[in-house]
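Report on the following structure.
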Amino acid sequence: MNFFKKLKERVSTQTETVTSKFKDGLEKTRDSFAEKMNELAARYRTVDEDFFEELEELLISADVGVNTVMELIEELRTEVKRQNVKTPQDVLPVISEKLTAKLDYSGEDNALNMNDEGMTVLLFVGVNGVGKTTTIGKIAQRFKSEGKNVVLAAGDTFRAGAIEQLAAWGEDVGVNVVKQEEGSDPAAVMYDAIQSARSKNADVLLCDTAGRLQNKVNLMKELEKVKRVIDREIPLAPHEVLLVLDATTGQNAMTQAKTFKEATEVSGIVLTKLDGTAKGGIVLAIRNELGIPVKFVGLGESVDDLQPFDAEQFTYGLFRELAEDDEGN
């Protein structure tokens, strides 16, 4: 069975709402990427070296990442020979299969690591302007809708308005927000938040942090202090350190990811504003070149447009038209 048909069968087991979110959220990338792929396949009669060179340029232009592209092209060359693929159109399902494999590492779970024996603590990091506070609010809403008792910690005490912004989200979602005055010690906020969350029998504590990035040393010291306080009060916490990145910044997001990975133990990525870029290949670059799983993707402005990342839904959303065209063949 063709990979596109298998892919459609697998995504059909999920709700149509989720499939639609990925379809709509990836519209810009799909219109750019899939259209160029079709044009490329139409220009060539055979799968030759010129075809691979153009494909390489196309993938790099989609922010897939140079290293990932080189790996992918070599894998495609091998697979084309193994399957005796003759036409460029027949290469498209092979490309989508390889992309899915790079996004969905065998045996790895993209789900959040939740603490089954007590309160789960999630620590959010990232530079200013990437949508970190909004992400926390949306994830709080998700947990609240699941019936969980949620508390927010306003640990970004340096950015003007950050505390008020998180407090506004708390009011909208209907969850408690622990905060101090602007300029307060973030670690002290975390301590207070943990005590408050315990007293309220909270299931989940979501912790905001400062988004300043003057240098790695300051960043590391600040995050280490915050993590030390959390771990002292709740052993093995935080259970996730989630790095929030803005997909529209492309390779700059990669640079931020590398910096934060060096400064702290990032366990997952939240990629916001994926609906706002035609270069959604950045998901592949982050996943494959940094080895950090993408946990959530922002596919729109609405609260429920922040969706758990799904490699098959992502690939299907990217190649939807190709998959549906293939179904009729």
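Quick check on this structure: which one of Ala263, Ala237, Ala285 is out of contact with any Phe, Trp or Tyr (no Cβ under 8 Å at 6 or more places or on another chain), among the aliphatic types (A, V, I, L, M), outside the structural domain of Leu103 (by the TED database) and at pLDDT 90 or above?
Ala237
Could you go through segment 223-234 and let me know if any residue there is of a type in the set (Asp, Glu), surrounded by fewer than 22 Cβ atoms within 10 Å (Cβ to Cβ), over 30 Å from Lys28 (Cα atoms) and under 24 Å from the mean Cα position of the chain (by Cα).
The answer is yes, given that some residue of segment 223-234 is of a type in the set (Asp, Glu), surrounded by fewer than 22 Cβ atoms within 10 Å (Cβ to Cβ), over 30 Å from Lys28 (Cα atoms) and under 24 Å from the mean Cα position of the chain (by Cα).
I'd like the full set of residues that are part of a loop (DSSP other than H, G, I, E, B), of a type in the set (A, V, I, L, M) and more than 20 Å from Val91 (Cα to Cα), limited to segment 2-48.
Within segment 2-48, just Leu26 meets the criteria.
Quick check on Thr29: is it exposed (fewer than 13 other Cβ atoms within 10 Å of the Cβ) and either of a type in the set (D, E, K, R) or under 23 Å from Leu299 (Cβ atoms) (or both)?
So Thr29 fails the test.
Hey, Gly170 hits all of (1) over 15 Å from Val125 (Cα atoms); (2) crowded, with 19+ Cβ neighbours inside 10 Å; (3) at pLDDT below 95; (4) not aromatic (Phe, Trp, Tyr) but one; which does it fall short on?
Checking Gly170 against (1) over 15 Å from Val125 (Cα atoms); (2) crowded, with 19+ Cβ neighbours inside 10 Å; (3) at pLDDT below 95; (4) not aromatic (Phe, Trp, Tyr), the one that fails is (3).
Would you confirm, using the coordinates I've provided, whether Ile163 is in the same structural domain as Leu242 (by the TED database), among the aliphatic types (A, V, I, L, M), touching a Phe, Trp or Tyr at 6+ places or on another chain (Cβ under 9 Å) and surrounded by 20 or more Cβ atoms within 10 Å (Cβ to Cβ)?
No, not satisfied.
Is it fair to say Ile136 is β-branched (Val, Ile, Thr) and out of contact with any Leu (no Cβ under 7 Å at 6 or more places or on another chain)?
no
Could you tell me how many of the residues in segment 261-299 are free of Cβ contacts under 8 Å to residues at least 40 places away in the same chain, surrounded by fewer than 24 Cβ atoms within 10 Å (Cβ to Cβ) and either aliphatic (A, V, I, L, M) or under 12 Å from Asp246 (Cβ atoms) (or both)?
1
The values are calculated or read from the model by the stated rules, or taken from the named source; none is laboratory data. All values reported here derive from a predicted model rather than from experimental measurement. In this analysis, Cβ positions are derived from the backbone assuming ideal geometry, glycine residues included, and neighbour counts consider all displayed protein chains.
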